[in-house]
Amino acid sequence: MSTLSELQSRKLGLLELISIGFDLYLKNFTLFLGIYCIALPFSAIILVGSTGAFSSNPILLILYVLFYLFYLIVVIPGYGAAYSIITEGLILGQRPQIEVIFRRILAAILPLVGLNLRFGINYFFRFLLLAIPGIIYLVNNGFYTTAFILRDQRGKAALEYSKTLVKGNWWRVFFFYLITGLINFGLLRILDKILSIAIVNNPILVAVLSNALTGLVGLGVGVSLILLFLNLEFQTR
């Protein structure tokens, strides 16, 4: 049975989705790696800056803050949109070209940035309220980027589309985030320990490498999240 047929036939278990997601990811590793390598320098600079490397120079610090905002507002949603397009394309038997993917994202980058700002502000203020409202908002609206780029849902419509999919499946989506978050956190800690032994007296290099390797594995988690989105879509039709 094809992956598309599996997604259409029934609600798949979370571990099934993760297994299928990593299988798809590894079979098309070079395609996903191309997208990851484009985003990697941005995250590496953010990580180096978080260690205080630019704090002694006010100009560099200001540039870092601006770069960090650009990363949050543009790079992260763009990266999510890219692997969403690739994942659905592969499920449908296509193999999207990277240049085509980026043309599609650039054509919609301004409304995507606006949507990401809207989501980020709403999430931030809700999270300040003892975290629970923020978690509820994240689970309900977390598919906004995928709804935007794959289903052309703009603005509030993307958030409503996400809520429609999550409705009746809230705990399923919540536990997906929880399981995959624990996987990423645990892997990062393990890699930190291993690399700290192999690379002595260079904590910045250790941090960059461990986060880069965790992000590479985390991309498989991202693919699994898109499969969850598609599975919920098929089961709510």
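Please name whichever of ILE194, ILE76, ASN231 sits farthest to the positive end of the charge dipole of the chain, dipole taken about the Cα centre and charges placed at Cβ: Lys and Arg +1, Asp and Glu -1. My answer, from the dipole projection, is ASN231. A protection proxy built from the mean count of other Cβ atoms within 10 Å ranks the segments 32-43, 142-153, most packed first, as 142-153, 32-43.
Projecting label points 7 angstrom from Cα along Cα→Cβ for ILE73 and LEU60 puts them 2.4 nm apart. Pairwise alpha-carbon distances in region 8-228 exceed 22 Å for 57% of all pairs. For ILE199, neighbours were defined as the other residues whose beta-carbon sits under 13 Å from its Cβ, and their charges (Lys and Arg +1, Asp and Glu -1) total 0. Centre-to-centre, using Cα atoms only, region 86-153 and region 210-237 are separated by 13 Å. Ellipticity at 222 nm from helices only: DSSP H runs of n ≥ 4 in the chain, each -39500 (n - 2.57), divided by the residue count, give -27000 deg cm²/dmol.
Give the relative contact order (percent, whole number) for the chain; include only Cα pairs under 8 Å separated by 6+ residues. Contact order relative to length: 32 percent.
Each of VAL100 and PHE22 was given a label point 7 Å from its Cα along the Cα-to-Cβ line. The distance between the two points is 3.0 nm. Candidate membrane-span-like segments in the chain, meaning DSSP H helices with Cα atoms spread over at least 30 Å of their own axis and a Kyte-Doolittle mean of 0.5 or above, are 170-198, 203-236, with no membrane implied. Projected label points at TRP171 and VAL217, each 7 Å from Cα along the beta carbon direction, are separated by 2.8 nanometres.
Each peptide in 194-202, 165-173 receives the mean, over its residues, of other Cβ atoms within 10 Å, and ordering these scores from highest gives 165-173, 194-202. The peptide list 106-119, 123-136, put in order of mean Cβ contacts within 10 Å with the highest first, becomes 106-119, 123-136.
Only the coordinates and a few stated rules stand behind these numbers; no lab work does. All values reported here derive from a predicted model rather than from experimental measurement. Cβ atoms come from the backbone with ideal geometry, glycine included; neighbour counts cover every protein chain shown.
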